[in-house]
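A quick write-up on the structure given underneath.
Every read-out reported here was derived from the displayed coordinates using simple, explicitly stated rules and does not represent laboratory data. Note that this is a predicted model, so its numbers are computed, not measured.
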Amino acid sequence: MDEESRPRMPSIAVIGASTDRSKYGNRAVRAYVEQGWTVYPVNPKEDQIEGLPCYRAMADVPAAVDRASLYVPPAVGIRLLDTILARGAKELWVNPGSGSPELLARAEELGLVAVEACSIVAASDGPETATVDP
């Protein structure tokens with residue numbers, strides 16, 4: 001099958017991705033990779049996560065994304081919403097601890113579909129399925 005006839009896999013930016021395999025920001029990276037998604041880990045302190053290049057900022061992600069998933073505090077996430085939209089995301093998963101009424105209101109103003117839930121569940125049978133032993 002040539003490159004043009006292959007179906008395009010959806011893409012996700014995991015904002016707050018972690019090298020710590022016990023953290024949900026790492027489990028999300030693994031869960032989406034396991035499902036065949038194109039995954040862009042975002043963390044200003046890391047160069048690589050789970051063998052993938054890690055981007056220091058959402059603006060550094062080299063391609064448009066279908067979905068963004070927040071694993072950062074609400075005060076950080078709200079500052080990223082404009083950039084998330086600019087990178088093409090239509091869907092924003094706001095993981096436990098990442099949301100606030102202000103963040104959700106701003107996401108709605110921007111036209112992002114905000115889902116308040118664990119994004120790992122959307123990529124797998126649940127967070128426990130992405131707990132490959134370190």
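Annotations for the structure displayed:
- Whether the stretch 1-90 is rounded, prolate or oblate, judged on the alpha carbon gyration tensor where a/c under 1.5 counts as rounded: oblate
- Residue-span extension gain [A64 to A86] - 0.36 nm each, minus C-alpha spacing: 7.1 nm
- Derived scalar couplings between HN and Hα for the stretch 72-85 equal 10, x, x, 5, 7, x, 5, 6, 9, 4, 4, 5, 4, 5 Hz in order, rounded to whole Hz, by the Karplus curve 6.51 cos²θ - 1.76 cosθ + 1.60 (θ = phi - 60°), x for Gly and Pro.
- The slack between E109 and E34, meaning 0.36 nm per residue of separation minus the straight C-alpha distance, is 23.7 nm.
- Under 5 Å, built H, 5+ apart or other chain: amide partners of S11: T38, D66, R67
- Working note: 222 nm ellipticity from helices only, DSSP H runs with n ≥ 4, each -39,500 (n - 2.57), summed and divided by the residues of the chain, gives -8500 deg cm²/dmol to the nearest 500.
- Full extension of the chain between E102 and Q48 gives 16.3 nm of extra length, using 0.36 nm per residue less the Cα-Cα distance.
- For E91, the residues whose amide H sits under 5 Å from its own are A68, V113, ignoring neighbours fewer than 5 places away on the same chain, with H placed 1.01 Å from N.
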